[in-house]
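The values are calculated or read from the model by the stated rules, or taken from the named source; none is laboratory data. Predicted model only: the values in this text are computed from it and were never measured. FYI the Cβ positions are ideal-geometry reconstructions off the backbone, even for glycines, and counts take in every protein chain you see. Calculation scope for accessible area: heavy atoms of the full protein, side chains included, ligands and nucleic acids excluded. Shrake-Rupley method; radii C 1.70, N 1.55, O 1.52, S 1.80 Å.
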Amino acid sequence: MSRRYQPGPGILISIGAVAAAVLLGIVLIALIGVPIGDAVDAFVDGTVGSAYAIAASVNRSVVFALVGIGFVFANRANLTNVGGEGQIAVGGIAATAVALYGHVAGLPPGLPFVLPMLAAVAAGALWGGLAGILKTRAGTNEVISTLLLSFIAVWLLYWCVQSNALLRQPMTNSATLPESLEISDITKLPLVTADPSLPLNIGLPLTLLIAVVVAILLTRGTVGLRLRAIGLNPVAARRAGIATEWYAVAAMLVAGGLGGLAGALMLQGDQYVLKDGFSSGYGFDGLVVGLLARGSVVGVIASALLFGFLRSGGISMELQAGVPSAVVQIIQGIIVVALAGAAYWMERRGTTR
Amino acid sequence: MISAESAAVFIGSSIRLATPLLMGGIGELVSERAGVLNMSVEGMMLTGAFAGAVGSWATGQPILGLAIGLLAVLPVALLQAWLSNTLRANQIVSGIGINILVLGVTTLGYREIFGERSSDEIPGFGKWAPPLLGDIPVFGQAVFLQVWIVYLGLAIAVATMLVLRFTAAGLAVHAAGMEPGAVDKSGLSVNRIRYGAVLFTGLMSALGGTFLSIGDIHTFTEGMTRGAGYLAIAAVIFGNWKVGRTIGACLLFGAATALQFQLPAMGVDIPNALLIMLPYLLAFLAVAGLVGRQSAPASLTVPW
């Protein structure tokens with residue numbers, strides 16, 4: 001049904017689209033009346049200005065990369081997972097629930113922070129897998145089902161932090177905020193460096209490991225070949241003896257599980273408290289990262305880094321130079337539209353593959 | 001017990017809340033019947049809501065705001081039509097890209113134009129009740145006193161049903177979605193039909209959007225469509241690509257939204273989040289196929 005994104009020389013098109021969009025963003029900033037020098041200074045401060053800024057940008061990139069890897073994996077079977085936002089949300093809910101109320105304190109070292117992550121993976125996989133099952137059983141378009149599931153998940157999260165029966169912190173006075181308690185220190189992700197000014201957590205090596213495994217699965221093993229066969233021609237794939245339905249559901253389980261894991265990293269590595277608006281558009285950014293990558297895991301890492309730093313720079317430009325964050329959103333929109341438009345143009349030229 | 005008054009208010013607000021969905025949904029239905037899936041209904045609605053509000057605020061005339069809202073959506077709809085038909089882009093991805101772009105542009109534009117005046121009320125349309133219907137005791141004012149766009153939307157929906165069913169143009173739209181090859185052989189241009197259908201979706205969605213901003217609440221807020229465009233798409237699937245059933249689906253989603261205000265007013269204690277979620281939940285159950293077999297146009301999302 002939908003055209004799949006091919007890896008290959010499309011990298012030039014991707015770079016061109018990003019460059020054009022960023023240029024347009026700079027023009028917009030000038031039009032708004034913010035001095036370009038101020039905006040650039042703020043951008044540099046927020047991205048590479050300090051060890052802390054670098055670490056924050058990388059941690060953001062890690063979240064985008066996980067959603068993007070999931071997108072690329074499912075897209076190999078011609079499934080478009082646009083539900084990253086909801087998968088992050090349910091992942092955050094599950095991780096919070098287990099970290100706070102899962103009696104993980106007395107467990108052997110490691111388990112207190114691993115179990116919430118596993119719960120998040122399971123929750124995200126459920127959210128993604130549901131769309132996969134509907135796709136194979138009822139023929140429901142996974143784009144619309146994952147989108148609707150995202151809306152449901154975002155309000156589910158709102159419910160969880162509003163209700164005392166769920167995850168809201170106990171009301172001690174009338175000013176108690178509608179958010180969860182802070183998770184305990186042993187459930188927070190350990191840092192990879194001893195230096196607290198560079199707060200890179202284990203999410204980074206974990207994500208790199210997942211990237212390598214997925215890249216090998218997609219390019220070296222039979223899994224990638226089968227997913228591709230299903231994506232290109234499901235009828236022929238079924239005739240060839242591939243359990244197409246099983247693979248389609250599995251692809252969505254993986255994509256959703258990685259989204260759930262992204263939610264756990266956001267909670268346990270960065271925010272520590274679950275509150276309304278937790279997923280804050282990261283799922284949609286991750287989707288764009290997956291699109292930019294044009295089917296390649298290396299491409300996901302590259303575009304995740306780009307977007308992680310772009311987002312950090314955008315936040316810093318908003319705080320320091322008064323540049324509305326909507327400018328970054330416009331840049332992202334142009335990138336997606338340009339790449340969608342360029343995909344066929346490249347295939348017609350026969351430059352893919 | 002539910003009083004007649006509160007039932008009347010509930011019906012009235014269901015219709016009001018269903019209206020933007022209905023317009024976007026009818027527009028999307030025509031485009032999907034012609035074979036193009038517009039994920040950009042959301043962005044088109046937001047464009048209409050924003051441009052309509054700006055136009056009405058700048059001119060002081062809601063009717064000019066409406067016209068500006070409809071004009072402003074044309075470039076967005078043309079972009080979607082060009083991407084989906086001429087460039088044969090992935091319709092889902094291009095639509096989502098347009099939605100992100102429109103959300104960014106309208107949010108930025110809103111801050112630049114309205115700035116500190118953000119809470120100002122914008123000139124909007126007043127309400128009107130049809131002569132006889134408005135005089136019905138209890139129900140008359142509560143149900144039928146609506147912005148005239150509501151009646152316009154219903155009229156267009158009925159007209160669309162008649163055009164699709166009884167005219168050559170309707171047949172051409174239907175054929176472009178089912179058998180584009182046959183349309184091409186008959187000498188008609190598949191792409192021209194599909195461009196037209198996407199423009200129709202744009203205009204209808206923008207009409208729904210302007211209803212949101214200058215019809216219903218007389219102000220614009222960032223991202224105010226809040227997924228209404230996706231609900232409209234779900235309504236088309238729920239409605240099995242038929243006008244009558246799509247109208248029914250929109251009314252159902254409108255009623256689910258109205259419960260948010262109705263149940264707390266009646267003292268029913270249900271978590272607010274569950275009520276806000278309800279239309280999306282219903283839409284999800286609908287697309288999950290719990291309402292029977294779905295028969296999408298054969299060439300939906302396949303560029304010609």
**OP:** Report relative contact order for the range B:4-290 in percent, whole number only (criteria: Cα-Cα under 8 Å, sequence separation at least 6).
**Re:** 37
Original post:
So, in Å, what gap is there between the alpha-carbon centers of the range B:201-244 and the range A:21-39?
Top reply: 33
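Over the range A:127-184, what is the relative contact order in percent, taking alpha-carbon pairs closer than 8 angstrom and at least six residues apart? Let's see the in-between values first.
Details: 39 pairs, mean separation 10.8, N = 58.
It rounds to 19 percent for the range A:127-184.
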Original post:
Which far-off residues, 5 or more places away or on another chain, put their amide H under 5 Å from the one on A:Gln169, with H placed in the peptide plane?
Top reply: A:Glu179, A:Ser180, A:Leu181
**OP:** List, largest first, the extents of the alpha carbons of the range B:185-304 along their principal axes, each in whole Å.
**Re:** 62, 37, 22
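Tell me, what are the semi-axes, in whole angstrom and largest first, of the equivalent ellipsoid of the range A:86-177 as set by the roots of 5 times the Cα gyration tensor eigenvalues? All intermediate terms of the calculation are to be shown ahead of the outcome.
Details: eigenvalues 164, 75, 11 Å².
Rounded to whole Å, the semi-axes are 29, 19, 7.
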**OP:** Select from A:Pro116, A:Pro108, A:Pro178 the residue whose mean-square fluctuation is largest in a Gaussian network model of chain A (Cα-Cα springs shorter than 10 Å).
**Re:** A:Pro108
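Hey, what number do you get for the protein assembly as shown at 222 nm if only DSSP H runs of n ≥ 4 count, each worth -39500 (n - 2.57), divided across all residues, to the nearest 500? Present the calculation step by step, with values, prior to reporting the outcome.
On the way: 25 runs with 444 residues, N = 657.
The per-residue figure over the protein assembly as shown is -23000 deg cm²/dmol.
With all pairs of different alpha carbon atoms counted, what Kirkwood hydrodynamic radius in Å does the range A:183-247 show? List each step's numbers first, then the result.
On the way: mean 1/r = 0.0674 Å⁻¹.
It works out to 14.8 Å.
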**OP:** Take the alpha-carbon centre of the range A:155-184, take the same for the range A:100-116, and report the distance between them in whole Å.
**Re:** 21
**OP:** For B:Trp128, enumerate residues with amide H under 5 Å from its amide H, sequence gap 5+ or separate chain, H modeled in the peptide plane.
**Re:** B:Gln146, B:Val147, B:Trp148
Original post:
Hey, got the average number of other protein chain Cβ atoms within 10 angstrom for residues in B:267-275?
Top reply: 3
Subject >> Debye, to nearest 20: dipole size of chain A, +1 on Lys, Arg Cβ, -1 on Asp, Glu Cβ >> reply: 1720
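Calculate the mean, over all residues of peptide B:79-91, of how many other protein chain Cβ atoms lie within 10 angstrom of the residue's Cβ.
Numbers: counts 2, 1, 0, 1, 6, 2, 0, 2, 7, 7, 11, 12, 5.
Mean number of neighbouring Cβ atoms from other chains: 4.
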Original post:
Over the range B:191-257, with a single point scatterer placed on each C-alpha, what log10 of the ratio I(q)/I(0) does the Debye formula yield at q = 0.12, 0.13, 0.26 1/Å?
Top reply: -0.37, -0.43, -1.22
Subject >> Alpha carbon centroid spacing (whole Å) that separates the range B:1-73 from the range B:116-195 >> reply: 10
**OP:** Per residue, how big is the convex hull around the C-alpha atoms of chain B? Give it to me in cubic angstrom, could you?
**Re:** 139
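Using only the heavy atoms of the protein chains and a 1.4 Å probe, how would A:Glu85, B:Glu179, B:Glu222, B:Glu121 rank by accessible area, largest first? Before the final figure, lay out each step's value.
On the way: A:Glu85 15, B:Glu179 115, B:Glu222 75, B:Glu121 140 Å².
Output order, biggest surface exposure first: B:Glu121, B:Glu179, B:Glu222, A:Glu85.
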Subject >> Signed unit charges on C-beta, dipole axis of the range A:10-349, positive-most listed residue A:Pro112, A:Ser163, A:Leu66 >> reply: A:Leu66
**OP:** Would you compute the Debye intensity of the protein assembly as shown from its alpha-carbon atoms alone, equal scatterers and no solvent, and pass along log10 I(q)/I(0) at q = 0.05, 0.07, 0.12 Å⁻¹ to two decimals?
**Re:** -0.23, -0.45, -1.38
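Evaluate the charge dipole of the range B:4-290 about its Cα centre and quote only its size in Debye, nearest 20, assuming +1 on the Cβ of each Lys and Arg and -1 on the Cβ of each Asp and Glu.
Values: 13 positive and 14 negative charges, 160 e Å.
Magnitude of the dipole: close to 760 debye.
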**OP:** Just name one of A:Gly322, A:Gly281, A:Tyr344: the one whose Cα is farthest towards the positive end of the charge dipole of the range A:10-349 (beta-carbon charges, Lys/Arg +1, Asp/Glu -1).
**Re:** A:Tyr344
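Note down the Stokes-Einstein diffusion coefficient of the range A:10-349 in µm²/s, whole number, using a Kirkwood radius over alpha carbon pairs, 4 °C, and 1.567 mPa s. Spell out each step's value before the answer.
Details: Rh = 20.7 Å.
This corresponds to a translational diffusion coefficient of 63 µm²/s.
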Subject >> Most positive-pole-ward Cα, B:Val183, B:Thr221, B:Pro271, against dipole of the range B:146-293 from beta carbon charges >> reply: B:Val183
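Please report, in debye to the nearest 20, how large the charge dipole of the protein assembly as shown is about its Cα centre when each Lys and Arg carries +1 at its beta carbon and each Asp and Glu carries -1 there. Working shown, then result.
Values: 33 positive and 29 negative charges, 529 e Å.
The calculation lands at about 2540 debye.
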Subject >> Choice from A:Val82, A:Val27, A:Val327 showing the highest fluctuation, given a GNM over chain A with Cα pairs closer than 10 Å >> reply: A:Val27
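Carbon and sulfur atoms: what percent of the 1.4 Å accessible area of the range A:10-349 do they account for?
Working: 9140 of 13390 Å².
That fraction is 68 percent.
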